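Here's the structure we're looking at; comments come further down.
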Amino acid sequence: MWSETTDSFKQRRLKESRARYPRGPSRDVMRKRNGLFLSEFRARSSFNLLREASSARSLILSAVFQLERQSQVSEQGPHEKRLLNALLASYNTLERPVANESEPLEVRFGLTLQQIIDVDEKNQLLITNIWLSLEWNDYNLRWNDSEYGGVKDLRITPNKLWKPDVLMYNSADEGFDGTYQTNVVVRSNGSCLYVPPGIFKSTCKIDITWFPFDDQHCDMKFGSWTYDGNQLDLVLKDEAGGDLSDFITNGEWYLIGMPGKKNTITYACCPEP
């Protein structure tokens, strides 16, 4: 492949220019050439400046947006702080939040099945991705929103509140509880919503007699670990069972259904249900 050096290129262009303009190019031609060059340079510079200006403008708009959002939040910031101090100053996380201790606290329970991750036939395990949903009313977390700048709800970390100790009874997880501790959404009427997601590993008795055309029935048993039925009443949100609206289908297993029911069991150790 032919190539030439920078010096040889300059010399060749110089010879071509002298052959075209024996006395050298006129000032008009030079001005015209320089003008084209300058106009092109100015156009590119203007484009770059426009790009820089547009970038700066977008950054300014973003900064103003952030400041506006911060200013909006700051209007309710002092009220939220005052409200949190008022609610949590004498709050006891060990106290079951009821007006009458002789009445059970109703906890509405539901779950959303996101995915069946694995069915381990050898170890008799079912691994699923599930979002739990727990709703109850906390008698000690009620306020008049008009007295606190219109603050209608709060997000509070669960270790600062009482929450039902609902666990999967047939868990095979190393840590037993496979949920992620999310914030509790508390509203001014005392209602609390707790939706912890988690990867659940549960025991499942698997029968492979008709493999690979087998049907398996796996139970997931949830309940309070320490409260009995006279203290905590666990009710299903939906009598039809779990929510499958966001379920991701499995390539190996076809999900027939996910019904749910409430079982009340009295153990030999304790008279309470």
Residues of region 183-198 satisfying the condition of being closer than 14 Å to Thr112 by Cα and small (Gly, Ala, Ser): Gly198
Filtered residues of region 229-248 (kept if surrounded by 15 or more Cβ atoms within 10 Å (Cβ to Cβ) and touching a residue at least 24 places away in the same chain (Cβ under 8 Å)): Gly229, Gln231, Leu232, Asp233, Leu234, Leu236, Lys237, Gly242, Asp243, Phe247
Enumeration of residues in region 80-114 that are surrounded by 14 or more Cβ atoms within 10 Å (Cβ to Cβ), among the hydroxyl-bearing types (Ser, Thr, Tyr) and outside any strand (DSSP E or B): Tyr91
Total residues in region 122-154, condition among the small types (Gly, Ala, Ser) and either at pLDDT 95 or above or at negative phi (or both): 2
Residue satisfying condition, being open to solvent by 50 Å² or more (accessible area, probe 1.4 Å) and of a type in the set (S, T, N, Q), within set Thr264, Thr182: Thr264
Unmet requirement for Gly149, which otherwise passes all of (1) open to solvent by less than 70 Å² (accessible area, probe 1.4 Å); (2) in contact with a strand residue (DSSP E or B) (Cβ under 7 Å, 6 or more places away or on another chain); (3) over 22 Å from Leu105 (Cα atoms); (4) in contact (Cβ under 8 Å) with a residue 40 or more places away in the chain: (2)
Search result, residues across region 115-162 that are over 30 Å from Asp207 (Cα atoms), of a type in the set (Asp, Glu) and not in a strand (DSSP E or B): Asp138, Asp145, Glu147
All positions within region 206-220 that are of a type outside the set (Asp, Glu) and surrounded by 10 or more Cβ atoms within 10 Å (Cβ to Cβ): Ile206, Ile208, Gln216, Cys218, Met220
Candidates Asn144, Asn137, Asn129, Asn123 - the one that is within 20 Å of the chain's Cα centre (by Cα), open to solvent by 30 Å² or more (accessible area, probe 1.4 Å) and of a type outside the set (Gly, Ala, Ser): Asn129
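The values are calculated or read from the model by the stated rules, or taken from the named source; none is laboratory data. On a predicted model such as this, the values are computed, not experimentally measured, just so you know. Note that each Cβ is placed from the backbone with ideal geometry, even for glycine, and that neighbours are counted across all protein chains shown. Areas reflect the complete protein model, heavy atoms only, side chains present, ligands, DNA and RNA absent. Shrake-Rupley method; radii C 1.70, N 1.55, O 1.52, S 1.80 Å.
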